[in-house]
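The values are calculated or read from the model by the stated rules, or taken from the named source; none is laboratory data. Computed from a predicted structure; not experimentally measured. Don't worry about glycine lacking a Cβ; one is built from the backbone with ideal geometry, like all the others, and counts go over all protein chains shown. Calculation scope for accessible area: heavy atoms of the full protein, side chains included, ligands and nucleic acids excluded. Shrake-Rupley method; radii C 1.70, N 1.55, O 1.52, S 1.80 Å.
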Amino acid sequence: MEILESYGVETVGIAVAVVAVAAGAAYFYFGKKSKGSLDPQNFKDFKLVEKNQLSHNVAKFRFALPTPTSVLGLPIGQHISCRGKDNVGEEVIKPYTPTTLDSDLGYFELVIKMYPQGRMSHHFREMRVGDYLSVKGPKGRFKYQVGQVRAFGMLAGGSGITPMFQVTRAILENPTDKTKVHLIYANVTYEDILLKEELDSLARNYPDRFQIYYVLNQPPDEWNGGVGFVSKEMIKAHCPAPASDIQILRCGPPPMNKAMAAHLDDLGYTKEMQFQF
């Protein structure tokens, strides 16, 4: 997808947590008041305790929180700033949207897609177990409250899946939240799809509340999803219709965000019904 390929993303940061639904439920019932590990004004260092290479340019990093029962303390829909050094030693600060929730005790994980010329990509490539990552937060304008809408439509491209996954997982793992989620996720190739295993698992476990439609610009021979760019027809078919109790979230490369905003306007979604991460 040209609009995705042309986007100057240097590093994709995705925090991934795989937890049992019971653990998520326990958090929503009992864990909301836990003190977080983040500081919005100052960077704090977190130790890398595990690094797993997932593909030639994607790795998963697990960072320890201060204690085994500590929580990150990141509100749903917000992100963190990470600080590192590029290949000439200059400081780099980049935002990442963790998809971990405060039901994930004692650690948080980032799945990083590393680009050849990416400045933060270099930092993560060079990280070894025992190194520390400087993090500051929470940051962001989006603050999710249970029941704020009847349904979300989500339009994500590439690494823009990160806030969508975070919000979706929080909704679905909360037994008191009945919000429905309709996600359209666009990429160039099948191999570019991030968090596919986790997304498909959510779709299987919550078929009445979560639906996902994948769109590829260069699909494989055997493919039953969308092809090309996300169109108005796709949005009309896979997202909730305009209404006062729905909201469409979008996050992707700037050209995609611009195109999606135009599509939504044409389809009758008001500005109040739209939010861009």
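Quick look at the values:
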quantity	calculated
Odd one out for LYS85, checked against (1) in contact with a His (Cβ under 8 Å, 6 or more places away or on another chain); (2) within 21 Å of ILE161 (Cα to Cα)	(2)
Counted residues, the range 157-181 - those being under 15 Å from ARG204 (Cα atoms), in contact with a helix residue (DSSP H, G or I) (Cβ under 6 Å, 6 or more places away or on another chain) and open to solvent by 10 Å² or more (accessible area, probe 1.4 Å)	1
Test for GLU50: is it in contact with a Gly (Cβ under 9 Å, 6 or more places away or on another chain), surrounded by fewer than 13 Cβ atoms within 10 Å (Cβ to Cβ), of a type outside the set (Lys, Arg) and closer than 16 Å to TYR132 by Cα	no
Options GLY147, GLY160; residue that is in contact (Cβ under 8 Å) with a residue 24 or more places away in the chain, of a type outside the set (Ser, Thr, Tyr), outside any strand (DSSP E or B) and within 26 Å of PRO220 (Cβ to Cβ)	GLY160
Residue match in the range 114-124 (condition: in contact (Cβ under 8 Å) with a residue 60 or more places away in the chain, basic (Lys, Arg) and within 27 Å of THR67 (Cβ to Cβ))	no
Residue tally, condition surrounded by fewer than 22 Cβ atoms within 10 Å (Cβ to Cβ), within 14 Å of VAL135 (Cα to Cα) and in contact (Cβ under 8 Å) with a residue 12 or more places away in the chain, over the range 80-95	8
Subset of the range 37-66 [among the aliphatic types (A, V, I, L, M) and modelled with pLDDT of 95 or more]	LEU38, LEU48, VAL49, ALA64, LEU65
Test: residue in the range 186-207 that is under 20 Å from PRO98 (Cα atoms), surrounded by fewer than 17 Cβ atoms within 10 Å (Cβ to Cβ) and modelled with pLDDT under 95	yes
Residue satisfying condition, being out of contact with any Gly (no Cβ under 8 Å at 6 or more places or on another chain), at negative phi and in contact (Cβ under 8 Å) with a residue 12 or more places away in the chain, within set ASP177, ASP192, ASP104	ASP104
Residue within the range 5-22 that is modelled with pLDDT of 50 or more, open to solvent by 80 Å² or more (accessible area, probe 1.4 Å) and over 18 Å from the mean Cα position of the chain (by Cα) present	no
Tally, over the range 121-143, of residues that are assigned to a strand (DSSP E or B), open to solvent by 40 Å² or more (accessible area, probe 1.4 Å) and more than 30 Å from ILE248 (Cα to Cα)	1
Hits in the range 73-120 - residues which are assigned to a loop (DSSP other than H, G, I, E, B), under 17 Å from PHE43 (Cβ atoms) and in contact with a Leu (Cβ under 8 Å, 6 or more places away or on another chain)	GLY73, LEU74
Residue match in the range 253-273 (condition: surrounded by fewer than 12 Cβ atoms within 10 Å (Cβ to Cβ), modelled with pLDDT of 95 or more and among the β-branched types (Val, Ile, Thr))	yes
Out of LEU155, LEU133, LEU105, LEU101, sole residue that is under 30 Å from ALA243 (Cβ atoms), modelled with pLDDT of 95 or more and not β-branched (Val, Ile, Thr)	LEU155
